[in-house]
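Below is one structure, written out as structure tokens, with a few remarks after it.
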Amino acid sequence: MSKKRVLIAHPRVSATGGGNGLAAWVLEALRESCDLSLATLQPVDYEAVNRSFGTSLQPGDFTVHPPPPHYQAFLRCFPTQGALLEVCLNMRLAQTLDRRYHYDLLLGTQNEADFHRRGIHYVHHPWVYLPRPKDEMRWFHYIPGALSAYRLFCQRISRGTNKGLRRNLSLANSHFIAGRIRQVHNVDSVILYPPVPGVFPEIPWEQRVPGFVAVGRIHSCKRWDMA
């Protein structure tokens, strides 16, 4: 039986960030059972990704489809990094690749994606959800009309629609995010917690310490003061 041809869409599979860790483990999980391809905006540093996330990815495990040169030139024209712009450019790349290669399955691992047909997307936070957390706001977001114009521009770049985003099977990283997806798209999601790799010893309950460990970036959006 031939392997299913699967395209993973993720803007940057780099060595930091929970979303990038999820993408790395999706590639790890599917590389043997599927004929796997990756639509991404930058080359994969396999050594750094493996060291950071505990994966064992190697060149040749999947086909990497980089963007056309004008994508990167376009991104360099922006005065600041735009996560939404990257997501939308990567969405456009995935659509183009699917028209060319006709994959069996399209899977986006960086929030919603309109592939122009039904696929699967894994949502860490719906990008169409408003208002965004204040921690994500910068000075230029407060210029009257700038944020709405930027979001409209990104949506035009993506060639996507809200109806197209709702077409997919949605995977949510928590019940909280599933609620946000329901608020903005009126669709239910499958809860699929992010991977936590490692070997954990079995400790009897009476011997366990009543505490917790929090791991993540040092950033105000992580609400470390509350933790």
Looking at segment 57-80, which of its residues are in a strand (DSSP E or B) and among the hydrophobic types (A, V, I, L, M, F, W, C)?
VAL64
Single match in ALA23, ALA15 (criterion: in contact with a helix residue (DSSP H, G or I) (Cβ under 8 Å, 6 or more places away or on another chain) and either surrounded by 13 or more Cβ atoms within 10 Å (Cβ to Cβ) or over 23 Å from PHE115 (Cβ atoms) (or both)):
ALA15
If a residue must be of a type in the set (Ser, Thr, Tyr), open to solvent by less than 20 Å² (accessible area, probe 1.4 Å) and more than 22 Å from TRP25 (Cα to Cα), how many such residues does segment 71-127 contain?
1
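Could you check how many residues of segment 162-214 are of a type in the set (A, V, I, L, M) and assigned to a loop (DSSP other than H, G, I, E, B)?
Count: 8.
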Being surrounded by fewer than 21 Cβ atoms within 10 Å (Cβ to Cβ) and under 27 Å from PHE78 (Cβ atoms) is the filter here, so list the residues in segment 161-176 that pass it.
THR161, ASN162, GLY164
Among the residues of segment 29-49, write down those that are over 14 Å from LYS3 (Cβ atoms), part of a loop (DSSP other than H, G, I, E, B) and either of a type outside the set (A, V, I, L, M) or in contact with an Asp or Glu (Cβ under 7 Å, 6 or more places away or on another chain) (or both).
THR40, LEU41, GLN42, PRO43, ASP45
THR40 is checked against (1) at pLDDT 95 or above; (2) more than 28 Å from THR161 (Cβ to Cβ) and fails just one. What number does that condition carry?
(2)
Show the residue pairs that are 6+ apart or on different chains and have beta-carbon atoms under 7 Å apart, the first residue being within segment 87-99 and in a helix (DSSP H, G or I), the second being of a type in the set (D, E, K, R).
MET91/ASP114; ARG92/ARG159; GLN95/ARG159
Could you identify the single residue in LEU75, LEU22, LEU30, LEU7 that is of a type outside the set (Gly, Ala, Ser), within 17 Å of the chain's Cα centre (by Cα) and within 29 Å of CYS221 (Cα to Cα)?
LEU22
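The values are calculated or read from the model by the stated rules, or taken from the named source; none is laboratory data. Everything quoted here is computed from the prediction, not taken from an experiment. Here the Cβ is made from the backbone with ideal geometry for all residues, glycine too, and neighbour counts use every protein chain on show. Ligands, DNA and RNA are excluded from the accessible area calculation, which covers all protein heavy atoms including side chains. Shrake-Rupley method; radii C 1.70, N 1.55, O 1.52, S 1.80 Å.
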